[in-house]
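Have a look at the structure below, then the notes.
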Amino acid sequence: MMKRLIMLMLIMFVFSSLPAEARVALPSLDTSHYFIQDNAGVLSESSIEELNQMGTHLEEGTGVEMLLLTMPSTGQEHRQDYALKALREYGVGKQEEDNGIVILLNLDNGNEYNNRGVEVQVGYGIEGYLNDAKIGRIIDDVAMEHFVAATEAEEGSEAAASNYEQGLSKLYQALYEESLEAYGYEEGEFTRDTPEADTTMETTDGQTLGAGESIFRLIFAMVVIYLLFKLMGGGGKPPRGGGRRGRRRGPVVFFPPSGGGRGGGFGGGGFGGFGGGSGGGGGAGRGF
């Protein structure tokens, strides 16, 4: 009885030492401009309209769906995990081609990850022309100077919003143009049904993204509990007598999956919603 009580107290201690995962749910999509979801309020109406037209043109010509999502905060969830969640749960990209792209801007720098930054996640169907290293280089080349300038301006000021807007617009346009090239866009027509792989791409990004720490903590806690169980219950002497002793079994430890299930999309006429792509091909991000 005492051993069980001690074991219960140890389990409670281990889990109480883990930080609470204050998760922020994905916002409902604004259906008037599916491809641009500005929840942080850093984009002008004209920019939203212009970028959404790019997204619409890309989807109609290639099936590629590119979502720009801005968030005031992703809570205690790393921005990479949140971008991947958006890719999967919104169902960005056609499910058969897995050709979704999510660009996430997170403005909150108050959690344990120093989480303010930009993140790009793509489906497996995009990796042939946009791998991790190439995405990272594009972010550095076209957007980072604007994002850094935004953080140096007064928080919530027009100068900060303007720099975020410029950085996001240039990044969205750069990824849009890479997609046009991959699908052979010439003289107003797409000449390829499938994207051409970029054989000149870099292979390493040189950045440590640092996501998945919460999963590691949970696994670590389960391992500690398992070892404590073995330590508390596995050291007794075997019972005397001629009867055969049954094999002692430790607890079964279940490890949670690292990502969500496939998004269901939203269906409908025209572009009525994303196509349900499963996501998870890769990506890159930068903090600032």
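Data for the structure
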{"item": "Hits in the stretch 112-124 - residues which are surrounded by fewer than 24 Cβ atoms within 10 Å (Cβ to Cβ) and either over 28 Å from A160 (Cβ atoms) or among the hydrophobic types (A, V, I, L, M, F, W, C) (or both)", "result": "Y124"}
{"item": "Residue match in the stretch 114-135 (condition: under 30 Å from A153 (Cβ atoms), assigned to a helix (DSSP H, G or I) and among the charged types (D, E, K, R))", "result": "yes"}
{"item": "Test: Q53 is over 22 Å from A149 (Cα atoms), modelled with pLDDT under 95 and surrounded by fewer than 24 Cβ atoms within 10 Å (Cβ to Cβ)", "result": "no"}
{"item": "Pick from the stretch 28-47, criterion free of Cβ contacts under 8 Å to residues at least 40 places away in the same chain and surrounded by fewer than 18 Cβ atoms within 10 Å (Cβ to Cβ), ranking: nearest to G117 (Cα to Cα)", "result": "N39"}
{"item": "Near pairs, Cβ below 8 angstrom, 6+ apart or cross-chain, from the stretch 144-169 (over 27 Å from G55 (Cα atoms) and free of Cβ contacts under 8 Å to residues at least 24 places away in the same chain) to any residue that is of a type outside the set (F, W, Y) and assigned to a helix (DSSP H, G or I)", "result": "A153/A159; A153/A160; A153/N163; E154/A160"}
{"item": "Every residue from the stretch 73-97 that is over 19 Å from G287 (Cα atoms) and under 15 Å from the mean Cα position of the chain (by Cα)", "result": "L87, R88, E89, Y90, G91, V92, G93"}
{"item": "Filtered residues of the stretch 59-70 (kept if surrounded by fewer than 24 Cβ atoms within 10 Å (Cβ to Cβ) and not small (G, A, S))", "result": "E59, E60, T62, T70"}
{"item": "Given (1) assigned to a loop (DSSP other than H, G, I, E, B); (2) touching a residue at least 12 places away in the same chain (Cβ under 8 Å); (3) under 16 Å from G91 (Cα atoms), index of the condition G55 fails", "result": "(1)"}
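Every residue, every condition in (1) modelled with pLDDT under 95; (2) closer than 21 Å to G276 by Cα; (3) surrounded by 21 or more Cβ atoms within 10 Å (Cβ to Cβ); (4) among the acidic types (D, E), yes or no:
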position	(1), (2), (3), (4)
E21	yes, no, no, yes
E49	no, no, no, yes
E97	yes, yes, no, yes
I103	no, yes, yes, no
N106	no, no, yes, no
G110	yes, no, no, no
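The values are calculated or read from the model by the stated rules, or taken from the named source; none is laboratory data. The structure presented is a predicted model; accordingly, all values stated were derived computationally and were not measured. Quick reminder, even Gly has a Cβ in these numbers, built from the backbone with ideal geometry, and neighbours come from all protein chains shown.
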